[in-house]
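To start, the structure under review is shown below, and the notes come after it.
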Amino acid sequence: MPANPKYLTKSKSQRFAKTSAAIVGSLLVTGGSMLAISVWFDLPKTVYMTYAYGFFLVWCTLMLLAFLFRNGWKCWLIYGTLSVIFFVTYYLGAV
């Protein structure tokens, strides 16, 4: 059963924004959040293997959420802001 055409994105820029936000943006947000959590809670090295599973679940969830946005550039704005916040808190916690 094919998708209903009225729900498909016709703009190439929106399609690019959503796809790139889903792949790259969600990866940056997930990586930054996992690094920030590891610094905030000062976790031992044995916990990092558990992070691999958590990383994959969060990344997949954020990838799906990117396609629920009507505007892909708004998704990029949110993902970019979150990733900068997480990486800055990681940097400040690691110093």
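The values are calculated or read from the model by the stated rules, or taken from the named source; none is laboratory data. In this text the structure is predicted, and so the values were computed from the model without any measurement. Here Cβ is always computed from backbone atoms with ideal geometry, including for glycine, and neighbour counts include all displayed protein chains. These area figures cover heavy atoms from the full protein model, side chains too; ligands, DNA and RNA do not enter into them. Shrake-Rupley method; radii C 1.70, N 1.55, O 1.52, S 1.80 Å.
Structural remarks
- Dipole-positive endmost among LEU57, GLN14, SER83 within the chain (Cβ charges, Cα centre): GLN14
- Remark: the THR50-GLN14 segment gains 9.5 nm on full extension, using 0.36 nm per residue and subtracting the alpha carbon distance.
- Region 19-95: C-alpha gyration tensor shape, a/c 1.5 cut-off, then a/b vs b/c: oblate
- Relative contact order (percent, whole number), region 1-73, Cα cutoff 8 Å, 6+ residue spacing: 57 percent
- The distance between label points at ALA94 and TYR7 comes to 4.1 nm (points 7 Å beyond Cα on the Cα→Cβ vector).
- Gaussian network model of the chain, springs between alpha carbon atoms under 10 Å - residue of PHE55, PHE16, PHE67 with greatest fluctuation: PHE16
- Looking at the chain, the accessible area is 72 square angstrom per residue; that uses a 1.4 Å probe and ignores ligands, DNA and RNA.
- If the segment from TRP40 to LYS74 were pulled out straight at 0.36 nm per residue, it would be longer than the present Cα-Cα gap by 9.4 nm.
- With every protein chain in place, the chain: carbon and sulfur % of accessible area (1.4 Å): 75 percent
- Counted charge near ALA66, where neighbours are those whose Cβ lies closer than 13 Å (Asp, Glu -1; Lys, Arg +1): +4
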